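Trainee: Got a structure for you, written out below as structure tokens; questions coming shortly.
The values are calculated or read from the model by the stated rules, or taken from the named source; none is laboratory data. On a predicted model such as this, the values are computed, not experimentally measured, just so you know. Every residue, glycine as well, gets a Cβ built from its backbone with ideal geometry; the counts of neighbours run over all protein chains shown. Side chains are part of the model used for accessible areas, which takes the heavy atoms of the whole protein and leaves out ligands, DNA and RNA. Shrake-Rupley method; radii C 1.70, N 1.55, O 1.52, S 1.80 Å.
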Amino acid sequence: MPTHAERRLIAYSVEQLFDLVADVGKYPHFLPWCVNARVRTRTASELVADLTIGFGPFRETFTSRVDLERPSRIRVRYEKGPFRYLNNVWTFTPDERGCQVDFFVDFEFRSRLLQAAIGVVFNEAVRLMVSAFIRRAREVYGPPVTRTTLAQPAHAQPAGTGSA
């Protein structure tokens, strides 16, 4: 039910941003609400991971299969846990100023209580999550090569501003 699509132009390379998103085991270090991550299996083209999300009194663990289509796409397919379904896709497109990142997430919890709880803060939570990846890129790769980072989504703040 909650769906979010966002596009940002970020002044890092396609490869850098792909690697950052594909490093699921590090998510608890920088993603809000991700309290644990365990990568069960990993190959060059796929990984299976358990993520535990926590917000307020809720803690839920889910398993997902992640297709790694280097360097252009990461597709998350839900396997088991508290959702009815979960679809998440990251697409990375080279741009002369860095990388255009398209992010899409669509999910529904089985529990109406969980669905109601996340529904209230969903859009803000997703924006914070995308901003957390941008901050993480700065931590891992240093300042962007150029200062030209723009946001083009209907729902996003400009990347590289004080809000990211």
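Trainee: Among the residues of segment 1-31, write down those that are charged (D, E, K, R) and out of contact with any Asp or Glu (no Cβ under 7 Å at 6 or more places or on another chain).
Mentor: Across segment 1-31, the qualifying residues are E6, R8, E15, D19, D23, K26.
Trainee: Mind listing whichever residues of segment 13-36 are buried (at least 19 other Cβ atoms within 10 Å of the Cβ) and free of Cβ contacts under 8 Å to residues at least 60 places away in the same chain?
Mentor: Listed by number, the residues that qualify are V24, Y27.
Trainee: Would you mind finding the one in I10, I53, I74 that is out of contact with any His (no Cβ under 7 Å at 6 or more places or on another chain), open to solvent by 20 Å² or more (accessible area, probe 1.4 Å), within 20 Å of L128 (Cβ to Cβ) and aliphatic (A, V, I, L, M)?
Mentor: Within the list I10, I53, I74, the selection yields I53.
Trainee: Within segment 78-119, count every residue that is open to solvent by less than 30 Å² (accessible area, probe 1.4 Å), hydrophobic (A, V, I, L, M, F, W, C) and more than 25 Å from D19 (Cβ to Cβ).
Mentor: Matching residues across segment 78-119 total 4.
Trainee: Here's another thing I want to ask about it. Somewhere in segment 38-52, is a residue assigned to a strand (DSSP E or B) and closer than 18 Å to V126 by Cα?
Mentor: Yes, there is a match, as at least one residue in segment 38-52 is assigned to a strand (DSSP E or B) and closer than 18 Å to V126 by Cα.
Trainee: Another question, then. Name the residue, out of L47, L20, that is out of contact with any strand residue (DSSP E or B) (no Cβ under 7 Å at 6 or more places or on another chain), at pLDDT 95 or above and among the aliphatic types (A, V, I, L, M).
Mentor: L20
Trainee: Sticking with this one: Does any residue of segment 45-55 turn out to be touching a Cys at 6+ places or on another chain (Cβ under 6 Å) and touching a residue at least 60 places away in the same chain (Cβ under 8 Å)?
Mentor: no
Trainee: How about segment 120-160: which of its residues are more than 15 Å from the chain's Cα centre (by Cα), open to solvent by 30 Å² or more (accessible area, probe 1.4 Å) and at pLDDT 65 or above?
Mentor: V121, R138, E139, V140, Y141, P143, V145 - these are the residues of segment 120-160 that are more than 15 Å from the chain's Cα centre (by Cα), open to solvent by 30 Å² or more (accessible area, probe 1.4 Å) and at pLDDT 65 or above.
Trainee: Continuing with the same structure: So, in segment 39-67, how many residues would count as being under 10 Å from V24 (Cβ atoms) and hydrophobic (A, V, I, L, M, F, W, C)?
Mentor: Residues that pass the stated criteria total 6.
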